[in-house]
Each structure stands twice: as C-alpha cells, then as structure tokens.
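The values are calculated or read from the model by the stated rules, or taken from the named source; none is laboratory data. Bear in mind that the values here come from a model prediction, so they are computed numbers and not experimental data. Cβ placement follows ideal geometry from the backbone for every residue including glycine, while neighbour counts extend to all protein chains displayed.
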Amino acid sequence: MSTDVINPPSPAATATPRPASESLLLPALLPHLHTVFQPIVRASNGTVEGYEALVRGPEGSPLHEPAALFAHARSGGNLARLELEALESAARAFGELELPGRLFLNASPALATRHTDAFLSFVRRAPRYGISPERMVIEFTEGDKIHDIERMRQVSGALREIGLAIALDDLGEGFSSLRLWKELAPEIVKIDKHFIQGIDGDPLKRQFLRAIQDIALAAQTQLVAEGIETEAELRVIRDLKVTYAQGYFLARPARAPERGPVLSIAGLTQRARLYPEAVSDMGVTAFQLATRIEPVAPGMTGQQVYERFARDPQAHALPVVDQGRPVGLISRFSLIDRFARPYRRELYGNKSCVGLMNPHPLVIEHTAGIQEIGWRLSEGGAGHDLAEGFIVTQDGLYVGACSGQTLLRELSELQVKAARYANPLTLLPGNVPITQHIERLLDNELPFCVCHADLDNFKPFNDLYGYRRGDDMIQLVARLLAEAADTQCDLVGHVGGDDLIVIFQSEDWDARVQEALQRFEAERMPLFGAEDIARGGFSSLDRSGAPQFFPLTTLSIGAVQVPAAVRTSSHQIAARAVEAKTQAKKMSGSVLFADRRAWSTPQSGRPPLPGAAPPEG
C-alpha cells in the first residue's frame, strides 16, 4: 500500500520537526544514542524469538534512561526527531549484530499519524540493514492517547502491505486498550507488567490473564507477558500457555544480547504450579455483595429515620455514618418495635438517631470473602445480628451495606457451586478440579504420580463407632496426606466417601507417602476403644449382616507413576490407580502398592491444544 492511499496530513505535520531553538539533542545528543536489545522468548522452551530495541542516551549522563531522554526531547519539541533517530539506530545495530529472529521497534501513535511520510520512509529503508520487513514488528506504545483512530488503521494497513506485523504494547497501561485492539487487529499484544508481576500470588491477575487469552484466541493474536522478574511468575506464564515472555528474570537489555535458549528457563518443565483459586469463595467478596445505601447522619432525628424507612420499604437497615466512617446501624425492626411502645415515639422521635442505632454492628472490609463473612457472623458477639446484615468498608470508610437475606442467598448459591468442586467434609478439591489438574499435567507433558488412598474395614468401623467417628477418621487421612504433600505442586483431593487422591509432582513422593502411612498407624489409635486396641480389632456386622471380627482400620494407597509426554488420558490413569489401590488392600497393614507397569512409548510432543498458536516459522 503506497502512502498516497492515506489522506496525507498537512506538510507542516509530516515534515521532520525542527526545534524552536537549538537544544542538546541537536546535534550534540544524537551521535551518542545507542540501542540495547532485550530478548523475547518462547515461554514453553526458552528459545529466543526476537528482540525489543530500547534506546539509551549518553552513558553517565542524566539523559541515559529513556524516560528522561524522551522528556527532554518533548520539552524541546524534538520528540518525533528522537523517535526516528532511535528507530534508525536500532535497525542499524540489529543488522550489524546479525541478530536472529524478529526486531520489535517502539513507535508512538503520534509519530505514525502526524509524521507518516517520515515514519514509512524509515520502514522502507530498513532492508538496507539486512532486515526483511517480515522480520520487523512495530510496537505501538499505548500509553499515549490516540486522537485519530482512523488514521492509525490506515498506517497499520500500510505497514502490513510492506510486510510488517503490528504489536500493541503495554495492554492495560494506558487509554482504551481493548478498543485499540479491536480497531488495529494487532498480530501481537504485550501485556503490561502490572498484570504479570506477582501473578503467582494473585488470583485476580491470573483471572485477568485468562480473560485476555480468550480474547486473543478469538482475535488470532499472540500474547507477550512483559516484566517477568521471578521464576514463580514464569511458571504461571508457561502454565497458562502464554506464547512469549520477556523480563529481567529471562534476560536484561544489552548491546550484545543472548542469542541461544535462555538458561533461566531450564528445569521449569519439571512442575506445574497449583492455583487454589478459593473454590470455596468462588471469588465473591463483601464489595460485590454491598449495596450503596445512602447513610444517615448522627444529627438526624428518629422521626427522620422513620420517614426514610417509610419511603424505602426494601431497606432492612440504615447505616449511621459520621465523616465517612460508620458508627452504627439502625434496623427497621428495632426502630418500629421501639416506636410501637407507649410514649417511645414521643421520646425518640425528636432526638438524635444515635439512641436508636446498634453501636456495635458487624463491619466487614470490602476484600473479605463470603466464607469469612459467614464465620464472623456465626462467631456471634455483641450486636452481630444476621437479620440487620452488615456494613462494608474500604480502609475504614463506608462503602455500602448488605442485608442478611442477600448473604443467605449467596451462601446457598455458593454451596451448590462448591458441591461440584470441593468435598464438604474435608473441603478438599473434588472430581472436577482433580481431573482438570491431571489433564493440565498431561497437556504440559510433565511427569507425575497419582496416589489413590482408601481405608480398610471402614464400613464396619463406621457402623460400630458411628458416623461422627467415621468422619474423624476420614479427616485424619485428609490432614496427613495434605501435610505430606508440597503445597506448591502436589494436589490433594477427595473423590467421595473414604477415597482420597494425591497428585504428586514431588520427586520424593514415595518417602512422603510412607511417612503419612507411619503417622496414620500412630494417630488412628485414639479413634478406637481400649478393648479393641488390646484385641487388635473389633466386632461388627459384615455386608450381609452377619457378626464378624475385623482388624483395626488401616490405610491402603495405590500409586501410578505417569512419565513425561506419555500417551494416555485421565480416565486411564484413574482406572490404573484404582487397580493399584485394590492390590494394596490385599496386603496387611497400612501399605503402599506402586504400579510399575510401562505405559505406551513417550512422544516427543503431544498434539497442540485447540487454538494454540503454532511455532514461528
């Protein structure tokens, strides 16, 4: 596409800008600019796919860092001149170094739309440095507000005609990110480091990234996670299938950057991190439950509060707020009860409403989960009445209020949702998250071990001692297995009854299981009667109803090791784990039986997930 297809701006706008007065940029500064390159790697294996070019000012000067450099250029009216010089310097250095992969170049929307001819002229000159257009990616920095979306579309079209790809930089950092994505249809989107740093400990950031991936899949866009500074962040990025990664943990910007695979990624393929996304809360917080109810001031009279309730029949309670901070809660029931008694309306009607309020209501910070709220209410205490609800604050300031009826409705919905994901007795993950985790490990071609734990002679024990003692036994097993597992990579689940599952990525899983069995042998004893302990068993009824003597309840665990890149499914793994558990139950005492049978021959790679980005050619 030639530039004459684009409606050209005025000559004054397209000409290379000149300063109003001579500044340090011209000519003293420009010869001292240099370029550093930061590798952009494929997250799955650490291979370098390209480099982002970053301009630096004179070494040892206040203008060395780009923020100061560009601020200085902007103040002198030389911003576009500096950008063009930085682009030229980057292309020249990239070609001289003969770096492999693609060159990512930063360009502001202002440069592209106001100085289009100069910008496209540089792009057409780039092949002289030995860089074909197909190896160039223009990153439009999204931090500056774009005033002319239509012209941005036209410039992007011109770049694609030449053969370049478009990237949107710093998604989420500036203005109208998603609209710009929709309008420009970039081939690559770089996610701002704010949403990447600390993602291993922030469920909300992980959810944000998942949402962005859904959009990227629909838009046929590849993602780059910027600002990776820790191994834990990189683990999450890899596990969530982000295509590219960039950051100090992988490689710092340098004049002569890394060319081969990034060494920092070595060893990361051995584990997939667990993400306990608060299944019990399902993400519901006090802030989401709160309704913004106009509060009453301490100076309002009881009669005025009564009239507020009369105007709003749906209001169960009104918060009393003084200078932004809640000081009490007036419930509809309490106020009407008082006003209904003889002489009380005359007594309280013209006085401050403070005398009618509960001065010790339940106050919940906005980030609290729904289970924490329920626990706070259930523990009781002065003034904590479910009927009147609670007040929600942010840093101590009033946000809203929630009625007890709303809370009960949310708790009921939560129980229905949680039933699919967590066992109500142990609160451990149930069938759905267990299966999802196994599939995730298979998709990542990682080795792991599945252990199926089952109690021996549990039904007669439960019949003799009662379901409460039976629940104690199951909870004991759940606790011991959870304590034996590594919380960072081993998943403990409860599939029902007295059957529990542990998915180990820990290499020392055998020792961990043996320790749990030894501890069970000792810690189970208080659950039996003294006479049964002395006899080494108990009398109960068998499945046909006949009296029978049973040995003391023991724990059998069957283990199935799954090698990396094996060709199998979660159903086959579960079936083999059941078979191993059955073999363990044939042995006496609390034992581990490991299935040592071979699987099908490991592959060099499993088929890609639907919608996964293909490797770069």
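At least 3 residues being more than 20 Å from Asn457 (Cβ to Cβ) is the threshold, and among the strands (runs of 3 or more DSSP E) wholly inside region 485-585 those reaching it are 491-496, 499-504, 554-562.
Picking from residues in region 484-507 that are modelled with pLDDT of 95 or more and acidic (Asp, Glu), the one that is nearest to Leu552 (Cα to Cα) is Asp498. Of the helices (runs of 4 or more DSSP H) contained entirely in region 429-484, those carrying at least 1 residues that are more than 30 Å from Ser540 (Cβ to Cβ) and in contact with a strand residue (DSSP E or B) (Cβ under 6 Å, 6 or more places away or on another chain) fall at 431-443. Close Cβ contacts (under 6 Å, 6 or more residues apart or on different chains) running from residues in region 357-369 that are part of a loop (DSSP other than H, G, I, E, B) to residues that are of a type in the set (Gly, Ala, Ser) and crowded, with 17+ Cβ neighbours inside 10 Å comprise Met357/Gly328; Pro359/Gly328; His366/Ala286; Ala368/Ala286. Among the criteria (1) over 28 Å from the mean Cα position of the chain (by Cα); (2) at pLDDT 85 or above; (3) surrounded by fewer than 15 Cβ atoms within 10 Å (Cβ to Cβ), the one Met357 does not fulfil is (3). Quick one: which residue in Ala290, Ala286, Ala245 is farther than 21 Å from Ala564 by Cβ, at pLDDT 80 or above and touching a Lys or Arg at 6+ places or on another chain (Cβ under 9 Å)? Going through Ala290, Ala286, Ala245 in turn, just one is farther than 21 Å from Ala564 by Cβ, at pLDDT 80 or above and touching a Lys or Arg at 6+ places or on another chain (Cβ under 9 Å): Ala245. Condition check for Arg92 on (1) buried (at least 20 other Cβ atoms within 10 Å of the Cβ); (2) under 16 Å from His34 (Cα atoms): one failure, at (1). Assessment of region 391-402 against the conditions (outside any strand (DSSP E or B), of a type outside the set (Asp, Glu) and either at pLDDT below 85 or surrounded by 14 or more Cβ atoms within 10 Å (Cβ to Cβ) (or both)) yields no matching residue.
Residues that are without any contact (Cβ under 8 Å) to a residue 40 or more places away in the chain and among the basic types (Lys, Arg) were ranked within region 320-344; the one that is surrounded by the most Cβ atoms within 10 Å (Cβ to Cβ) is Arg332. Annotation note: Cβ proximity below 7 Å between a residue of region 564-584 that is assigned by TED's automatic domain parsing to the domain that holds Cys451 and in contact (Cβ under 8 Å) with a residue 40 or more places away in the chain and a residue that is loosely packed, with under 15 Cβ neighbours inside 10 Å and in a helix (DSSP H, G or I) (sequence gap 6+ or interchain) occurs for Ser570/Glu439.
Does Ser132 fit the bill of being surrounded by fewer than 19 Cβ atoms within 10 Å (Cβ to Cβ), small (Gly, Ala, Ser) and touching a Ser or Thr at 6+ places or on another chain (Cβ under 6 Å)? It is false that Ser132 is surrounded by fewer than 19 Cβ atoms within 10 Å (Cβ to Cβ), small (Gly, Ala, Ser) and touching a Ser or Thr at 6+ places or on another chain (Cβ under 6 Å).
In this entry, Ile237 is excluded by the filter for residues that are touching a strand residue (DSSP E or B) at 6+ places or on another chain (Cβ under 9 Å), crowded, with 16+ Cβ neighbours inside 10 Å, modelled with pLDDT under 60 and hydrophobic (A, V, I, L, M, F, W, C). Here Ala86 meets each of (1) among the aliphatic types (A, V, I, L, M); (2) in a helix (DSSP H, G or I); (3) touching a helix residue (DSSP H, G or I) at 6+ places or on another chain (Cβ under 8 Å); (4) under 16 Å from Phe140 (Cα atoms) with one exception, condition (3). For region 432-459, give me each residue that is within 22 Å of the chain's Cα centre (by Cα) and among the polar types (S, T, N, Q). Those that are within 22 Å of the chain's Cα centre (by Cα) and among the polar types (S, T, N, Q): Thr435, Gln436, Asn444. Of the listed requirements (1) part of a helix (DSSP H, G or I); (2) buried (at least 19 other Cβ atoms within 10 Å of the Cβ), Tyr51 misses just one: (1). Arg160 falls short on exactly one of the conditions (1) under 22 Å from Tyr244 (Cα atoms); (2) touching a Ser or Thr at 6+ places or on another chain (Cβ under 8 Å); (3) at pLDDT 90 or above; (4) of a type outside the set (A, V, I, L, M), and that condition is (2). Taking the conditions (1) touching a residue at least 60 places away in the same chain (Cβ under 8 Å); (2) surrounded by fewer than 18 Cβ atoms within 10 Å (Cβ to Cβ) in turn, Arg151 satisfies each one other than (2).
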